[in-house]
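Student: My structure is below; once you've seen it, I'll send some questions.
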Amino acid sequence: MIEQLLTKAVLVGILTSGIRLATPYLYAAIGETFSQRSGVLNLGVEGQMLLGAFAAFYVSLTTGNLWLGMLAAIVTGLVMGLAMAFVSITLQAKQGISGIGFYLFGLGLSDLLFQKLMGTVETVSGFRPIYIPGLSDIPIIGEIFFNQNILVYGAYFLIFVAWFILNKTTLGLKIKAVGESPQAADSLGVSVSKVRYFTVTLGGVMSAIAGASLSIALLNVFQQNMTSGLGFIAVALVYFGGWRPWKVMIGALLFSMVNSLQLWVQVLNIPIPSDFAVMMPYVLTIFVLTVTVQRVRPPSALTKPFERGH
């Protein structure tokens with residue numbers, strides 16, 4: 001059994017698909033990192049991903065243009081992010097409860113739209129791997145790292161961008177200040193509401209792009225509840241990474257490699273119950289949360305509404 005997994009072809013396959021499968025985790029988790037760094041917990045990531053996945057797939061299917069599909073996902077994420085920001089920041093609703101509400105809304109609406117507008121599972125020709133002269137031809141390394149589609153490359157580039165914004169820009173300083181001490185940030189002239197609106201809306205857009213990466217770049221299909229808890233894993237990854245983009249990336253790769261491994265276990269017909277294999281990423285989520293929640297300190301103002309003068 002172990003010998004089947006240790007062959008060169010299988011190991012390269014696991015690593016290649018693991019790099020690719022980390023894409024939706026990265027987009028969703030980095031968006032959630034920005035949101036939580038400013039003090040807002042968004043548990044509606046899964047619902048935003050589902051709507052983004054449907055919007056991207058349906059527009060791509062009907063127009064034949066993948067970039068229009070991506071635009072549709074971005075607009076969908078923008079609307080959902082603004083709605084989440086309004087409920088959490090302006091109305092000051094309990095963030096955990098409102099987030100679950102947005103998740104259920106996204107789950108139900110994506111299912112309804114699928115049934116009314118499509119009715120059956122269809123496929124599209126999604127984003128294809130990009131050949132990079134020289135790099136793609138490197139044995140093993142080229143196949144693993146440089147034979148991916150543009151959304152995969154974009155996800156890893158996003159890690160650097162997120163790190164740079166949070167640590168090297170005035171905007172990043174404001175985001176962290178609002179998440180740690182909104183009263184102090186407000187006294188220095190920083191608009192807490194504007195910063196939080198920006199981060200939560202950005203998180204919505206990133207979640208929708210994560211969904212789009214599933215439906216038009218990785219799987220090239222849309223089906224009901226296709227995220228299967230991926231959005232909640234993305235939220236867990238933020239805790240795993242301690243709200244730091246590079247550590248979030250490490251966590252995303254860990255989860256995607258486990259997911260890739262369980263897929264190969266099924267492909268090779270290794271005598272492990274398929275239900276157990278599918279459970280592996282979720283068992284890992286529980287383990288990670290149990291371990292990391294004890295050793296990381298979240299932003300001080302996370303989930304706490306802000307009112308001037310209080």
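Student: To the nearest 10 degrees, how steeply does helix 8-37 sit against the main Cα axis of the chain, on a 0 to 90 scale?
Tutor: In the chain, helix 8-37 runs at an angle near 10 degrees to the longest axis.
Student: Another question, then. Once you have a ≥ b ≥ c as the square roots of the Cα gyration tensor eigenvalues for segment 104-187, tell me rounded if a/c is under 1.5, and otherwise prolate or oblate according to whether a/b is larger than b/c.
Tutor: Oblate is the answer for segment 104-187, as a/c is 1.5 or above yet b/c matches or exceeds a/b.
Student: Cα-Cα pairs above 16 Å in segment 50-93: how many percent?
Tutor: The calculated P(r) of segment 50-93 puts 42 percent of pairs beyond 16 Å.
Student: For the chain, what percent of Cα pairs sit more than 28 Å apart?
Tutor: 40 percent
Student: Dipole size in debye (nearest 20) for segment 174-303 around its Cα centre, Lys and Arg Cβ +1, Asp and Glu Cβ -1?
Tutor: Dipole size: approximately 440 debye.
Student: Ratio to report: Rg/Rh of segment 1-120, with Cα atoms as the point set and Rh obtained by the Kirkwood method; give two decimals.
Tutor: That ratio is 1.10, to two decimals.
Student: With just the Cα atoms defining each centre, how far is segment 148-182 from segment 241-310? Give it in Å.
Tutor: Value for the Cα centre distance between the two parts: 20 Å.
Student: Here's another thing I want to ask about it. Name the most mobile residue of Thr290, Thr199, Thr16, meaning the one with the largest mean-square fluctuation, in a Gaussian network model of the chain with Cα contacts below 10 Å.
Tutor: For the chain, modelled as a Gaussian network with Cα springs under 10 Å, the answer is Thr290.
Student: Would you kindly work out the equivalent ellipsoid of segment 39-183 from its C-alpha gyration tensor and give its semi-axes, the square roots of five times the eigenvalues, largest first in whole Å?
Tutor: Equivalent ellipsoid semi-axes, largest first: 31, 27, 11 Å.
Student: In debye, nearest 20, what is the charge dipole magnitude of the chain about its Cα centre with +1 on Lys and Arg Cβ and -1 on Asp and Glu Cβ, if you could check?
Tutor: 900 debye
Student: Tilt of helix 274-292 relative to the longest C-alpha principal axis of the chain, in degrees (0 to 90, nearest 10)?
Tutor: 30 degrees
Student: Can you flag which of Lys174/Lys194; Lys94/Lys168; Lys176/Lys247; Lys94/Lys247; Lys168/Lys304 are past 22 Å Cα-Cα?
Tutor: Listed pairs above 22 Å: Lys94/Lys168; Lys94/Lys247; Lys168/Lys304.
Any read-out appearing in this document is the output of simple, stated calculations on the displayed coordinates, not a laboratory observation. Since this is a predicted model, take the numbers as computed values, not measurements. Every residue, glycine as well, gets a Cβ built from its backbone with ideal geometry; the counts of neighbours run over all protein chains shown.
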